[in-house]
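Have a look at the structure below before the remarks.
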Amino acid sequence: MENSDKESKYLRAQERVDELKKFYGNIISYVLVIGMLAGVNYYTDHWNYPWFLWAAFGWGIGIFFNALKVFGFNPFLGRGWEERKIKELMNEDKEANRWK
C-alpha cells in the first residue's frame, strides 16, 4: 500500500510539472508572438491602428483562464474541492464493494 501511495504521489507531481511546463511554454509563445505582431504592426502603419492588441487581448484571456486552472484557483468550488471529491467517491466505491 505504501509503495502504491508513493507512486500515485509521484504521478500527481509529474502531472503537475507537465501542466506547469505547458503553461510556461504558453507564456513564452505569447510574449514572442505578440512581440512579433507588434513589430509588424509598427512596421506597416507606425501605430496608426494598434491591431496587434486584439490578438494580445484574446490570447491573454485564454492564458488567464489557463493560469486559474494550473494554479488551482477556482472561486466556485473552492481550493481542494476536486481532491476531496475524489476521496469521497473512492470511499463510496470502497463501501459499495465491501458488501458484494
Practice prompt. Would you mind telling me which numbered condition in (1) within 24 Å of the chain's Cα centre (by Cα); (2) charged (D, E, K, R); (3) surrounded by fewer than 10 Cβ atoms within 10 Å (Cβ to Cβ) residue 9 fails?
Written response: (3)
Item to complete: Could you tell me which of the residues 32, 53 is without any contact (Cβ under 8 Å) to a residue 12 or more places away in the chain and loosely packed, with under 13 Cβ neighbours inside 10 Å?
Response: 32
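Does residue 73 fit the bill of being touching a helix residue (DSSP H, G or I) at 6+ places or on another chain (Cβ under 9 Å) and loosely packed, with under 11 Cβ neighbours inside 10 Å?
Numbers: touching a helix residue (DSSP H, G or I) at 6+ places or on another chain (Cβ under 9 Å): yes; loosely packed, with under 11 Cβ neighbours inside 10 Å: yes.
Yes.
The numbers here are math on the coordinates, done by the rules we state, and not lab data. Bear in mind that the values here come from a model prediction, so they are computed numbers and not experimental data. As a convention, Cβ positions derive from the backbone with ideal geometry for all residues, glycine included, and neighbour counts pool all protein chains shown.
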